[in-house]
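Taking it in order: structure first as structure tokens, then the write-up.
Only the coordinates and a few stated rules stand behind these numbers; no lab work does. Being a predicted model, the structure only gives us computed values, none of them experimental. Cβ sites come from the backbone with ideal geometry, for glycine too, and all protein chains shown count toward neighbours.
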Amino acid sequence: MTVIRSVIPFFEPLPLSLALLIAGLALLIARRRRAAIVFSGAGIGILLVLGYGLFTKQALYSLERSYAPLIVEKIPPQVRDRIRHVVVLGSGHISDPDLPRTAQIGGASLYRLVEGVRIYRLLPGSKLVISGGVIPDPVTNARVVSDVARQIGIPVRDTIVEARPSDTVAEARLLRGLLGNRPFILVTSAAHMKRAMRIFQDFGMQPVPAPTDFIIKNRPGGAIESVVPNCGNLSISQRVIYEWLGGIWESVNKRFQGTIRRL
């Protein structure tokens, strides 16, 4: 996924559309009118389609509803009694020594930690596993999030910090020894949960999904819900594109590794 993180900026709606518009302007200056119309039209089209969220809002809603929010009481007793770990996957933060730790995390990291703590407190005897490496801040995500967990009352003895992985595949690989084949709670953003479940299951593990950080709270309404395109819809489109590219990259990796093993 480090490859995806380096490639994704080129596929984000705003920079991609601006690049196409600039290319269209350059072609117009070079008097290549037909090509200029094509590039400019593509740039404007991306801004309109993704800015209105014509397809991506419904796509994100479906992605986030792949798994329902976890109700601990509804986990079958034979499964719940075997759960010893609540795994919180890594996300982003900004380490700023002038700010308290609680102000250095936000967004997905905060949602994931809160949900992980909620479930940990409902499962007596469980451990809170906090994962996340250097992405892209020089201080690991697991270190910052675990500091916040400690500050809000989670005992150090009940936390396990895994600060090495830089993506979900690495998290599954590095946590496999700890988690083994016992069921465990997997906490991550709802948009990421489907892909995360697939990755951990591919490693022969038994995650119980606990999605959080839902971006779309209600089912999307009509095709166009606002008069003009907006940045919120562009952000939604960006999130969907990230998950799509991540899934494509993992499929390519699987095929490549399978080919290598057969050779």
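Would you kindly state how much longer the chain becomes between Asn253 and Arg219 on full extension, computed as 0.36 nm times their sequence separation minus their alpha carbon distance, in nm to one decimal? Don't skip to the end; give the middle numbers.
Working: separation 34, 0.36 × 34 = 12.24 nm, distance 3.36 nm.
Between Asn253 and Arg219, full extension yields 8.9 nm more.
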Distance between modelled label sites at Arg173 and Arg34, nm, 7 Å Cα→Cβ extension: 4.9
State the Cα centre-to-centre distance between region 157-203 and region 26-84 in whole Å. 23
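Can you tell me which of 10-18, 107-115 comes out highest on packing, and rank the rest after it, using the mean Cβ neighbours within 10 Å?
Details: 10-18: 16.0, 107-115: 20.3.
Highest mean packing first, the order is 107-115, 10-18.
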Tell me, what is the FRET efficiency for Val114 and Arg82 to the nearest 0.05, using R0 = 25 angstrom and their Cβ-Cβ distance as r? 0.55
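What order, most packed first, do the peptides 208-218, 174-184 have when packing is the mean number of other Cβ atoms within 10 Å of each residue?
For the peptides 208-218, 174-184, the packing ranking is 208-218, 174-184.
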Please list log₁₀ I(q)/I(0) at q = 0.13, 0.19 Å⁻¹ for region 92-240, using the Debye equation with identical point scatterers on the alpha-carbon positions. -0.65, -1.23
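Starting from the Kirkwood radius over alpha-carbon pairs of the chain, derive D by Stokes-Einstein at 4 °C in a medium of 1.567 mPa s and give it in µm² s⁻¹. Could the numbers behind the result be given before it?
Working: Rh = 20.3 Å.
After rounding, the answer is 64 µm²/s.
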Hey, can you rank 75-85, 130-140, 28-38, 238-248 by average C-beta count inside 10 Å, highest first? 130-140, 238-248, 75-85, 28-38
Over the chain: helical MRE at 222 nm, DSSP H runs n ≥ 4 each giving -39500 (n - 2.57), nearest 500: -17000 deg cm²/dmol
Rounded to one decimal in nm, the spacing of the 7 Å Cα→Cβ label points at Gln58 and Arg164 is 4.5
Please report the relative contact order for the chain, taking Cα pairs under 8 Å with a sequence separation of at least 6, and give it as a percent rounded to a whole number. 26
What lysines sit close enough to Lys74 to cross-link, taking a C-alpha to C-alpha distance under 24 Å and skipping anything fewer than 8 places away on the same chain? Lys127, Lys194, Lys217
